[in-house]
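Heads up, the thing below is written out as C-alpha cells.
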Amino acid sequence: MFTPLFLASAGLDRLQKSQGLSRPELATGKVLKRRLVGYLGQTYYLYIPRSMRKSAPLMVSIHGVSRNARQHARMLSSMAEQYGVILLAPLFSKKQFPDYQRLGRLGRGPRADLALDRIVGEVLYLTGADTGPLYLSGYSGGGQFVHRYTMAHPERVASAVIGAAGWYTFPDNKQCYPRGIASTKSLPNLRFDQSRFLRVPMTVIVGDQDNERDPELNKSPRIDRQQGLNRVERARNWVESMNLAAAAHGITTHHRLTVLPGIGHSFEQGVELEAMNEKIFSSLFDATHPFERKIKGTCTPSSPVGQKVLIA
C-alpha cells in the first residue's frame, strides 16, 4: 500500500490535516489540466472515467521529448474509459526536467522519479484510486523513463509498456547506470535489484519502420555496440537480454516485444493506424488485473529464452 509514501512525498499528509481542506469534485469523462499543490509549474493531465469503480487502478503515461502529455491523455482516454482506469499524464518540462528520461541525474535537474511520486500522491488523494502498484506506459523518451523507473522502483510497478525507447538500461551489473545497473554517483542512494525488477511484466512496442538514425536517437558508439543501430534493433536486444537475465535468476520471463507493421517513430501514427492504445491497455491489464478484459489479437506471447522474439 503506497498511500503513506506517496502522500508524504507530495506533502499531502500535511495538507490533509489543514482546516477546511476537502477533496474537490473532479469532472469525469474529460481530460483535466491540473497543477501540483505546492509545486509551481508542475503540470499534469488527468482523466477520470465515467465508468470508474471504487479503488480503480491508476495508469500513468509518460510523454517523449516533444512533451505531448496532453496528447497522451487525449489519445488514451477512450481506453481508460473502457477499462475503468484513472489515467495520469504528467508533464516534465524541458527547462525543469532536462534529464527526466534518465530519472534526473545529479546536476541535471530534479529527480523525475520523485516528482512522479509526488504527483501520484496527489492523484491518489483526489480520486481515491487503488493505492497498489502503478501501471506505467511511456513513448520514446517516456519509454526510457518508464523502464528505468520500473528497474529502480519495482515494488511500485504492477506492469509496464515501453514504447519505442531510443536506448535502454541493460541488466548488466558491470556497466554503470544508465547503460547498465552498476551504482553511480550521479544517482546516489539508488540501487538496482535484478531479482526484483525482472519479475515485473514489461512489454516493448516499436514500429517496424522505426529504424532511422534521427537527430533524437542516441548515436554514441558505445550504445551502438551494446544495443544496436536503431530503435527496432535495440528493442529486440533489450528484451532478449532481460529474458536471459530472468532465466539466469530462475524467474519466469515476463518481457515481450510487439512490432507494429508500417509504423515509424510516431505516437499518433501508432495509435491511429495500428491501435497502439489498445495494445498498451491489453498488455498492462488483461493478464495482470482482476478487472480482466480481453482485446482480441493484441497480446503477444512471452518469448522463450534463447529463441527469436515472437512478434504480434
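Here, each number is a calculation from the coordinates, and none is a lab measurement. Quick caveat, the model's predicted, so the values are computed rather than measured. Note that each Cβ is placed from the backbone with ideal geometry, even for glycine, and that neighbours are counted across all protein chains shown.
Structural remarks
- Environment charge at HIS249 (Cβ cut-off 13 Å; Lys +1, Arg +1, Asp -1, Glu -1): +1
- Hits among aspartates and glutamates - C-alpha to C-alpha of LYS185 under 16 Å, sequence gap 8 or more where chains match: ASP99
- Charge dipole (the range 82-230, unit charges on Cβ, about Cα centre) - positive-most of ILE205, VAL161, ILE119: ILE119
- Hypothetical label at LEU244: residues of the range 195-230 whose amide nitrogen lies under 15 Å (7 Å Cα-Cβ projection): 225-228
- Aspartates and glutamates whose Cα lies under 18 Å from that of LYS30, excluding same-chain neighbours fewer than 8 positions away: GLU81
- Placing dummy labels 7 Å off each Cα toward the beta-carbon, the span from GLU25 to ARG53 is 2.6 nm.
- Distance violations [Cα-Cα > 26 Å] among LYS95/LYS219; LYS54/LYS94; LYS174/LYS219: LYS54/LYS94
- Averaging the sequence gap over all C-alpha pairs within less than 8 Å and six or more residues apart, then dividing by the number of residues, gives the range 74-188 a relative contact order of 18 percent.
- The range 135-178 and the range 37-65: distance between their alpha carbon centers, rounded to Å: 19 Å
- In the range 223-285, Cα pairs under 8 Å separated by at least six residues give a relative contact order of 17 percent.
- Dimensionless Rg over Rh [the range 191-272; C-alpha; Kirkwood]: 1.02
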